[in-house]
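Notes to accompany the following structure.
Nothing in this text is a laboratory measurement; each read-out follows from the coordinates by a stated rule. Just so we're clear, the structure is a prediction, and the values are computed from it rather than from any experiment. As a convention, Cβ positions derive from the backbone with ideal geometry for all residues, glycine included, and neighbour counts pool all protein chains shown.
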Amino acid sequence: MEITNYCITAGTSILFLIGCLVHLGENDTFSVKTIRKFQTLTYVLMFEIIIDCAFALLEKQSVASSLLYLIKYLELSLNPVLAFLVFGIFYDKKSVRHDHTMIKIHHAMLAMIILDIALQAATIFGKGVFFIDEANAYHRGPLVYAYLVVLLITIILLVFGILTFSNKTQSIMKGTLSSFTIILITGIVLRNIFPNTNYDFLCMSVSIPFILVYYSHVTLRIDPLTKLLNRQVYSRLIKKISYTTIVITIDVNDFKQINDTYGHECGDQTLRQLAGLICKAYSRYAYCFRTGGDEFCAILKPGAFERLIEETPHHDAYSMASKLMARLEELIRAENKPNADSYLSSGISQGYGIFYSQSSYPSIKEQISLEKVIELADRRMYQNKAASHKSDTTPPPSSNQPAP
């Protein structure tokens with residue numbers, strides 16, 4: 001009966017995974033590369049479940065103990081690899097080229113895989129993580145707790161990596177991520193409380209749909225080119241905002257000229273470059289959007305206005321908005337150093353508007369709607385753009401006239 005229940009649990013886990021494969025086959029939202037990453041993860045997990053079930057069927061039977069060692073060695077070696085494959089879904093070499101945190105997590109997870117392989121190799125020379133006795137029965141070895149520590153560290157690194165990805169993509173599904181983590185850790189704990197069960201694989205299989213849902217959520221919210229929040233999320237957010245905030249609108253100067261002179265690929269590179277600088281300048285305090293074309297927007301998160309105004313001399317909201325915009329201007333000037341690979345030499349234009357909530361500022365009699373605030377920010381941005389164009393077309397002073 002025990003082995004029957006074991007096989008039923010394994011079969012249920014595989015059914016979950018087959019459902020995931022069916023979904024991936026019908027998915028037209030993810031890129032081909034991402035679908036292949038999910039499929040690889042699913043197939044590897046299915047393989048591990050099958051070999052684990054095979055071990056349960058062959059244990060204590062008249063088979064070569066070397067076969068049992070090989071099966072268990074494969075199973076235990078694959079567990080950290082599975083976590084690494086999950087991380088690989090969120091880790092893209094091109095997009096994390098300058099993301100040192102993600103690179104460090106990637107290297108740390110590789111180190112955990114190597115350490116796990118070394119622990120399993122110790123089993124060959126004696127009682128390491130596990131051993132098989134004369135009756136072909138499985139027993140945990142003295143290094144099993146070292147293996148569990150390595151596995152838990154790998155999962156912690158995985159969760160930290162997904163959190164880093166979440167912050168970068170401004171995701172808000174922390175509950176889904178928490179559920180995914182709890183399910184994984186629960187499976188490991190249950191496996192150690194009840195060694196003759198395979199609840200860990202069931203938990204792993206159940207967690208795959210959570211990852212699919214989470215990644216789908218992120219994909220639908222971000223602009224594919226810049227990785228900022230897209231226009232759809234922007235439109236939904238401005239309908240729900242009721243807290244005091246600052247809206248900053250941003251536009252690339254002479255963007256059409258960049259496209260016409262250097263080509264659309266350089267135009268795309270300019271937008272990606274600016275998006276990275278907008279995130280660097282504002283993402284700690286604000287939601288960052290690409291609202292269309294070369295237009296971007298930053299809207300302060302709940303509570304950010306109150307925190308920032310406390311840090312501003314005389315608690316002046318207008319000075320605070322100017323200080324925020326100056327951060328992005330400084331970053332762009334740094335990018336435009338001589339010999340820098342940048343197409344932002346023409347600069348950007350910014351405008352701002354301040355939305356005061358009635359609950360926080362009841363003394364303000366004429367409440368301006370958020371839509372009017374955004375119109376004001378746009379107006380100021382275009383005034384800024386017109387002023388920059390005017391200064392660009394002003395002739396330089398002649399040699400016998402001093403510069404102003």
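Peptides 325-335, 277-287 ranked from most to least packed, by the mean per-residue count of other Cβ atoms within 10 Å: 277-287, 325-335. Here's the list of lysines a cross-link from residue 60 could span, going by alpha-carbon distance under 16 Å and ignoring same-chain residues fewer than 8 apart: 72.
Backbone phi angles across segment 99-113, fed through the Karplus curve with coefficients 6.51, -1.76 and 1.60 (θ = phi - 60°), yield HN-Hα couplings of 9, 5, 5, 5, 5, 5, 5, 4, 5, 5, 5, 4, 5, 5, 5 Hz in residue order; Gly and Pro are listed as x.
Summing charges over neighbours of residue 165, with a neighbour being any other residue whose Cβ is under 13 Å away from its Cβ, gives +2 when K and R count +1 and D and E count -1.
A simple spin-label model places pseudo-atoms 7 Å from Cα toward Cβ; at residue 242 and residue 327 they are separated by 2.8 nm.
Scan segment 1-93 for trypsin sites (Lys or Arg not before Pro) in coil per DSSP, keeping those whose Cβ has at most 16 other Cβ atoms within 10 Å, and list them by number.
Values: sites: 33, 36, 37, 60, 72, 93; in loops: 60, 93.
Within segment 1-93, the qualifying trypsin sites (Lys or Arg not before Pro) (loop, at most 16 other Cβ atoms within 10 Å) are 60, 93.
Please report how far the C-alpha centroid of segment 126-200 lies from that of segment 292-322, rounded to the nearest whole angstrom. Centre-to-centre (Cα) distance: 42 Å.
What pairs from 168/239; 227/337; 93/240 go past 27 Å between their alpha carbons? Show your work: numbers first, answer last.
Details: 168/239 24 Å; 227/337 25 Å; 93/240 36 Å.
Result: 93/240 exceed 27 Å.
Evaluating kT/(6 pi eta Rh) at 4 °C and 1.567 mPa s, with the Kirkwood radius of segment 218-295 over Cα pairs in the Stokes-Einstein relation, gives 96 µm² s⁻¹. Here the average projected area of the convex hull drawn through the C-alpha atoms of segment 231-392 stands at 10.3 nm².
Computed 3J(HN,Hα) for segment 32-43, one whole-Hz value per residue from the Karplus formula 6.51 cos²θ - 1.76 cosθ + 1.60 where θ = phi - 60°, is 4, 4, 5, 4, 5, 5, 5, 5, 4, 4, 5, 5, glycine and proline marked x.
Evaluated at 37 °C with a viscosity of 0.692 mPa s, what Stokes-Einstein diffusion coefficient in µm²/s does segment 2-221 have when Rh comes from the Kirkwood expression over alpha-carbon pairs? Once the numbers are plugged in, D ends up at 180 µm²/s. Normalised by residue count, the chain yields a Cα convex hull volume of 200 Å³ per residue.
Using only alpha carbon pairs under 8 Å that are at least six residues apart, calculate the relative contact order of the chain and give it in whole percent. Walk me through the intermediate numbers first.
Numbers: 464 pairs, mean separation 52.7, N = 404.
That works out to 13 percent.
In order along segment 215-229, the Karplus-derived 3J(HN,Hα) couplings, from 6.51 cos²θ - 1.76 cosθ + 1.60 at θ = phi - 60°, round to 5, 4, 4, 5, 4, 6, 8, 9, 6, x, 6, 9, 6, 8, 4 Hz, and Gly and Pro are given as x.
Close amide H partners of residue 141, meaning residues 5 or more places away or on another chain with modelled amide H under 5 Å apart, are 130, 131.
With a 10 Å radius around each residue's Cβ, average the other Cβ atoms per peptide and rank 241-248, 310-317, highest first. Let's see the in-between values first.
Numbers: 241-248: 20.6, 310-317: 11.0.
Going by the mean number of other Cβ atoms within 10 Å, highest first, we get 241-248, 310-317.
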